[in-house]
1. Any residue that is under 25 Å from G653 (Cα atoms) and hydroxyl-bearing (S, T, Y) - is there at least one of those in the range 513-527?
2. Looking only at the range 318-345, count every residue that is in contact (Cβ under 8 Å) with a residue 24 or more places away in the chain, of a type in the set (F, W, Y) and surrounded by fewer than 19 Cβ atoms within 10 Å (Cβ to Cβ) and tell me the total.
3. Of the residues D257, D237, which single one is touching a residue at least 60 places away in the same chain (Cβ under 8 Å), within 15 Å of the chain's Cα centre (by Cα) and crowded, with 20+ Cβ neighbours inside 10 Å?
4. Would a scan of the range 527-549 turn up a residue that is open to solvent by 10 Å² or more (accessible area, probe 1.4 Å), touching a strand residue (DSSP E or B) at 6+ places or on another chain (Cβ under 7 Å), among the polar types (S, T, N, Q) and under 30 Å from L415 (Cβ atoms)?
5. Working only within the range 581-623, note down all residues that are of a type in the set (G, A, S), closer than 30 Å to T400 by Cβ, open to solvent by less than 20 Å² (accessible area, probe 1.4 Å) and part of a loop (DSSP other than H, G, I, E, B).
6. If the Cβ limit is 9 Å and pairs must be 6+ apart or interchain, which residue in the range 485-496 that is farther than 14 Å from K444 by Cα and touching a residue at least 12 places away in the same chain (Cβ under 8 Å) pairs with which residue that is of a type in the set (S, T, Y) and open to solvent by 30 Å² or more (accessible area, probe 1.4 Å)?
7. Please find, within the range 377-403, the residue that is most open to solvent (accessible area, probe 1.4 Å) out of those that are part of a helix (DSSP H, G or I) and more than 23 Å from I28 (Cα to Cα).
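The values are calculated or read from the model by the stated rules, or taken from the named source; none is laboratory data. The structure displayed is predicted, hence computed values, not measured ones. Please note: Cβ atoms are built from the backbone with ideal geometry, for glycine as well, and neighbour counts cover all protein chains shown. Quick note on the areas: whole protein, heavy atoms, side chains included, nothing else; ligands and nucleic acids left out. Shrake-Rupley method; radii C 1.70, N 1.55, O 1.52, S 1.80 Å.
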Amino acid sequence: MPMKRYKVILSSFIILFLIIPLNAETDIDPLVTLHVLSKQVRLLKSGAVKKISITTNNDSIIRDETSSRSLEGKTIAFLVHGGILNAYVDSSPVTGPCKLILSSGSGSGLVVVTIDGQARTYPLPMAIQYGNNDLRFHVRERLDQYVVDSALAEYSGDFWKEKEGILALAHVIRARYFYGKKSQQHGDADFCDLTHCQVYRGRIKSAIQFNDDWVIDHARLQHNLFFHSRCGGRTGDPGVFSGKKLYGSSPGTDVKDWLYREGVPLCSGKDSHWERNISHEDLGHIFFPGKKNKSNESLKLQYDLDLLTVHIKTSFDDAVLPVETFRLKINRVRGWNFIRSNNFAVSETVVDGKKHFRFKGEGLGHGVGLCQHGAMALSRLGYNRYEILEHYYPDIQLVTHGRKASRSPYCSYCLFDVTTGKVILSSLGPGFLRRNAPSGSIFKLIVSLYIASERPDIFNDYTFNCTGRNMNEANLPERCWKPNGHGMMKMSDAIPNSCNFYFASLYKIISEKKFRVFCKNFCSSVGIKASLPEISSNRQWAELLAGLDFRVSFSVSDFINIARYIYCGSAEDIEKSFSGIKVPYQEKMKIFQGLQETFTRGTASELKKRSGASCNYLSLENANNENSSRQLTELWGKTSTVIDGTNKPVSYGIFLGGNGREGVIVILRKATGNMASRWARRILSQSATEK
């Protein structure tokens, strides 16, 4: 085929490619149309930017669709002379108006755009509309690629290592794309690259990819998903944009940005606090231009936190504005971050004899939805992308999108070598090792070790009849986790069955003081930086022994160290590795045997009834139908069901154990320890292919 005809056919295809939209609702990875470089064009026209140039590859084609002709050259440059925008291909001027299509002869490719020496890479084809002293750039990118590039662009490079935080924002941007289809905001594009959509600087080199099976169910969103830089401790209602609360006190619109159990604020720091002053006179000029306020004393300003409006009143006029409108009006005059957020209080003061309004606040941005600073804090603390999303959007729903989900979105795990503690594979990278969680029933292992070390009489002979419900003992919990009870329990039974009543009943026959000393020595020996909480009653002491005091928490690294000690190597290996604690080897072997029996007659031995989030058991059932499993013959471990979460309590299942010397810890949101053990089996059975 002659090259000229080939170029005509190719360019015709590109026109269709750029103009005809795909059905985004039926395509899991549609093409997104993006209006790019609009800010750079504005700066070029104002003189703040001197030149925008585009460098093409060897196989690139430049075609003017207005005249249906190809242009020879490798570089397109845009400059302003005497206030007039000019275009050149190499050194030859381009006469507008025209529509240039940059494409690749191979059907795909990239192009480098340089703005005063700063380079960006965009996908081809690129459409350039030039003429009448105007310039517009459009590109199309696959949604999965775009959401990652845009999320990365929203953060500085210092944050790019926090994969879970980046992908949480990528999920938000993806949902915003589909939600935006209900009401097209940009006419010929789905998004622009300005902050009122989300920042986009073209392709960014990163190992992060968006290939998640679970996504936000955009069809069930009641409002668009917003995000901002810093919330200052609490996010706001979308009513900041309209001046009317959309959901009142409904959850999902106003969340406290902290870890409720520890009381740890996520969006904090000195750079989150701010103060600004503006005179009555200047404020009047901004909101009532052309009108002179004869009496500054009459200017009043009231921020209604319930209505999310600001009421400005003078002697001659007044206005009621949504707080975001109020903030932006001031910032367009005083600078984009003069009033840094909508999280502020306003008071009056006097500066140089003139009355001023003083704004004192926290945060940066409108304050609605995901807080980027807080999301990164959660990522660093070892929370996964879906936990981050539900922290800021408690009312969202998750759904699979065209692919069979092989993993629950709520499952975080780590594989490790039990003999050395070396991490083999972590689903969340190294950050997961910092994740803190209540120990729950895993704490019973430390109690068992103490009894084995200090009270062999109890370890071998003590029994307790668990009936399931507490009938007459004020200091025991109200019930065991098993409604009908476990019956007569010895230590060898209580470990695999995790009997709450058995361990709680120990409160009256062991010394709290001696137990605390043992715990301190144990933690020091195995490398755990944890301590026991204060106890004020026998009831609290009993709950602590039963693993029901959720103030006791360990990091994932701590859990790994507990597993290393529990795992039975030789007595000599234990003595060499953990010299600070003495537990008779034979009793330690019995504890480990109990952990093996967890799978034969204990808490992981049977399928409990479906409970918790459906995605936990449905995706597990789908995974169990696959044929890529390997036989597990040396299973052992401990289950735990705890109450944890970020800004609200949620049930979590935890499993710590392994298959022989290959250890695993699973933390599963909206689940039980039994469900976590089932996921642990699945992960261990597939570990050979996942490494």
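1. Within the range 513-527, none of the residues are under 25 Å from G653 (Cα atoms) and hydroxyl-bearing (S, T, Y).
2. 1
3. Just one listed residue meets the conditions, D257.
4. Scanning the range 527-549 turns up no residue that is open to solvent by 10 Å² or more (accessible area, probe 1.4 Å), touching a strand residue (DSSP E or B) at 6+ places or on another chain (Cβ under 7 Å), among the polar types (S, T, N, Q) and under 30 Å from L415 (Cβ atoms).
5. A604, A613
6. Taking only residues 6 or more apart or on different chains, the pairs are G485/T467; H486/T467; G487/T467; M488/T463; M489/T463.
7. Here the answer is R380.
Every residue, every condition in (1) over 29 Å from Q129 (Cβ atoms); (2) of a type in the set (G, A, S), yes or no:
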residue: L167; (1), (2): yes, no
residue: Y200; (1), (2): no, no
residue: A207; (1), (2): yes, yes
residue: A219; (1), (2): yes, yes
residue: H223; (1), (2): yes, no
